[in-house]
Structure formats: structure tokens, C-alpha cells
1. Please report the spacing between the Cα centers of the range 30-71 and the range 84-121 in Å, no decimals.
2. Where a ≥ b ≥ c are the square roots of the eigenvalues of the C-alpha gyration tensor, would you call the range 140-186 rounded, which needs a/c under 1.5, or, failing that, prolate if a/b is larger than b/c, or oblate?
3. To one decimal place, what Kirkwood hydrodynamic radius in Å is obtained for the range 22-157 from all pairs of distinct Cα atoms?
4. If the only charges are +1 at each Lys and Arg Cβ and -1 at each Asp and Glu Cβ, what is the size of the charge dipole of the range 29-170 around the Cα centre, to the nearest 20 debye?
5. What aspartates and glutamates does Lys170 reach when the alpha-carbon gap must be under 20 Å and sequence neighbours fewer than 8 apart in one chain are set aside?
Amino acid sequence: MRIWILLGSLLGSGLVASAQSGGNVAFELASLREDVRMLTQRVGELSLTVEQLNRENSTLQAKANQSYVTVEQLNKAIADVNRAMQSALGEQKRDVLQQVAAQMERLGKQTNSALDALAKGQATRPAVQTQFREDFPKQGVNYTVQSGDTLSGIAQKHNSSVSDIVNANKITDPTRLRVGQTLFIPQAK
């Protein structure tokens, strides 16, 4: 509305100025009409642009209201995630501790079984001899212990007695012969 009033006043003052200057009024009037037509066209274009900008602005405001969260909402979401992680870590820790405890219990049972077996094995072993007699025959042969040899087998092979071999070699544990060990084997009396 303002533009039309402004145009009207311009036209009126333009015609007055043209009449005073003695120019061609028809030419000036045609020129002013063309200017008004161009201004009207430009105002229409600007109106369309303003309407388009208003629509885009409305669309952007609607998106902004829908897609953005507040700092409070973000903090709450982070706190929820943190609680969930702490809970999961606690459960995982409990599971690992239960597995370790079960494994330790199994290892304890195995250790106790092994110790019991060792204790039973020690109980069935012959007593360690710490005193030796000197009444064994002083004549005999040297023998190198082979894999799989036992004192009783060596004694049988050489026609000797286990007690004479033990006393002659001062063997404290007859069950522990070493491969490569050299023994004196007394001859039978």
C-alpha cells in the first residue's frame, strides 16, 4: 500500500516537473508507467522471496524443535549409560570371581589328591637304612646300573643278596637306583 502512495506522489511530482520544464508529457508518462510496471514486478518477486523465506524459516524451526535435545536430556542419557556400564562391569566382575573361585577349588582338590598320593607312597616305602653291617663278602664284581634294574634283579643276576649289596654300597633307599651308578656286588658266601 505504501508503495502505491509513494508511486502516486512520484507520478504527481514527476508530471508537475515535466509540465514546468516544458518536456514531452506523454513520453514522461510512458516512461513513468514502465518504471511503475518494473517496480510492481520487482515488488512481486520480492514478495514471493519473502514468502519462500518464511516457509523455510518455519520448516527449520520445526526441525530444530524436533531434533535437538537439551543439555539436561543429554546429561540424563549419559548418566543412564554410565549406570548401565557400571552394572554390567559389576556383573562381569562377579562372574570372573566365581570362575576363579571354582578353578581354585578344583586346583586345591587336585593338590590335596596329589599330596595324599605322595603321603601314601611314602608310607609304603621301605624304611631308610642308616646303619650298615660289615659282614658282607669282600670279594665281588663292579656292576653299572642299567635302565629298569632293581636291587633284587641285580642280586639274582649275580647270585648275591639284596642285603649284602645294600651294606656293601651303603644304599639308604633301595628303591632309588640311578642309571649309570656303579655298585659293588659281593659274591655269595
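1. The distance from the Cα centre of the range 30-71 to that of the range 84-121 comes to 75 Å.
2. It comes out rounded by the Cα gyration axes.
3. After inverting the pairwise mean of 1/r, the radius is 28.5 Å.
4. It works out to roughly 440 debye.
5. Within reach: Glu134, Asp135, Asp149.
The numbers here are math on the coordinates, done by the rules we state, and not lab data. Predicted model, so just to flag it, every value in this text is computed and none were measured. Ideal geometry is used to build each Cβ from the backbone, glycine not excepted, and the neighbour counts take in all protein chains shown.
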